[in-house]
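Here's the structure we're looking at; comments come further down.
The values are calculated or read from the model by the stated rules, or taken from the named source; none is laboratory data. Keep in mind the model is a prediction, meaning the values are calculated, not measured. Every residue, glycine as well, gets a Cβ built from its backbone with ideal geometry; the counts of neighbours run over all protein chains shown.
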Amino acid sequence: MRRRSLVLALPALAGACASKPPLPLPTQLADGRLLILGPTADFDPQRLPAGWSDRRADRNAVIAVTQEAGRPILTCDAPGGRMLVRALEQPLTATPGLSWSWKLETEAFGGGAGDGLPRGLRLSIGFNGGGPTDLIRPARWLRDYAGFPPHDRRIDIMLRGTGVIHTELATIELEATADDGTRRVLRAGARGLTGGWISEFVDLLELFRAFFPSDRFAEVTFAYVAVGALPARLPEGIPAAIGHIVEVQVFR
């Protein structure tokens, strides 16, 4: 009787999965772009709206909406490691462009090397589909997703540098890494890249092809886009804010 009850329960479970509500769509802007993150003044990282989730590696990590010149901005504090995750179901080929702006606080790179970890900001993009068979079900259910929603591929884009005694000597680089550890430098390390806003653009389809050249690109969809700070503890006396992020968008 127990075996029969289990068999009868399975269709009901499958029906429940099939009725999962669709994800809320990102805001579509006048030029056809999809706005992943503004943020708006009423966006609350402690009470995330539908479609968002919270990956918090350190319970002390703080992300908040603050103001700069009357504009809402997303501020990420040390110790970092927390990511705000926006689920997204969109073909990669439909919106391969990714743009955003971010700013690193100059003070965050003072006080010396500290714990030795790089300090900075991070965008993480997850993808589903298009990969070799062993990346897809059932093997994917056994994978470690590092706290992110289920995905087959992941690319992290980071603006980062190490702490120094004199902040004007801090060297900041832009790099991308895949979840297999493969690394690509998008902009070589340079000084003078803290304290001001930097506008970025990445062709995600081109970057995806560079990391995963054997995948079937037409079948790849987004799984999520996430934002946050890298996990690093600042030396005593250094202000907690690592940096800020605004206007994360995807587009054709």
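Is it the case that region 57-65 has a residue that's of a type in the set (A, V, I, L, M, F, W, C), within 30 Å of A108 (Cα to Cα), modelled with pLDDT of 90 or more and in a loop (DSSP other than H, G, I, E, B)? Yes, the conditions are met somewhere in region 57-65.
Suppose we keep only residues that are of a type in the set (A, V, I, L, M, F, W, C), touching a residue at least 60 places away in the same chain (Cβ under 8 Å) and in a loop (DSSP other than H, G, I, E, B) within region 19-54. Which one would you say is surrounded by the most Cβ atoms within 10 Å (Cβ to Cβ)? Across region 19-54, the extreme among qualifying residues is L23. Within region 79-103, the residues that satisfy the criterion of being closer than 18 Å to A226 by Cβ and among the aliphatic types (A, V, I, L, M) are M83, L84, V85, A87, L88, L92, L98. Summed over region 66-123, residues that are within 27 Å of L234 (Cα to Cα) and part of a strand (DSSP E or B) total 24.
Kindly indicate whether any position in region 84-94 is surrounded by fewer than 19 Cβ atoms within 10 Å (Cβ to Cβ), over 16 Å from the mean Cα position of the chain (by Cα) and over 30 Å from A218 (Cα atoms). Looking for residues that are surrounded by fewer than 19 Cβ atoms within 10 Å (Cβ to Cβ), over 16 Å from the mean Cα position of the chain (by Cα) and over 30 Å from A218 (Cα atoms), one finds none in region 84-94, hence no. Of all residue pairs spaced 6 or more apart or on separate chains, none has beta-carbon atoms under 8 Å together with a first member in region 101-119 that is modelled with pLDDT of 95 or more and a second member that is basic (K, R) and exposed (fewer than 14 other Cβ atoms within 10 Å of the Cβ). Does D144 satisfy being in contact with a helix residue (DSSP H, G or I) (Cβ under 9 Å, 6 or more places away or on another chain), assigned to a loop (DSSP other than H, G, I, E, B) and among the acidic types (D, E)? So D144 does not fit the description; no.
Answer yes or no as to whether A78 is surrounded by fewer than 15 Cβ atoms within 10 Å (Cβ to Cβ) and either farther than 16 Å from R154 by Cα or in contact with a His (Cβ under 6 Å, 6 or more places away or on another chain) (or both). It is false that A78 is surrounded by fewer than 15 Cβ atoms within 10 Å (Cβ to Cβ) and either farther than 16 Å from R154 by Cα or in contact with a His (Cβ under 6 Å, 6 or more places away or on another chain) (or both). The set of residues in region 166-194 that are surrounded by 14 or more Cβ atoms within 10 Å (Cβ to Cβ) and out of contact with any strand residue (DSSP E or B) (no Cβ under 7 Å at 6 or more places or on another chain) contains only T167. Where strands (runs of 3 or more DSSP E) fall wholly inside region 150-252, the ranges with 2 or more residues that are over 27 Å from P26 (Cα atoms) are 153-161, 172-178, 183-190.
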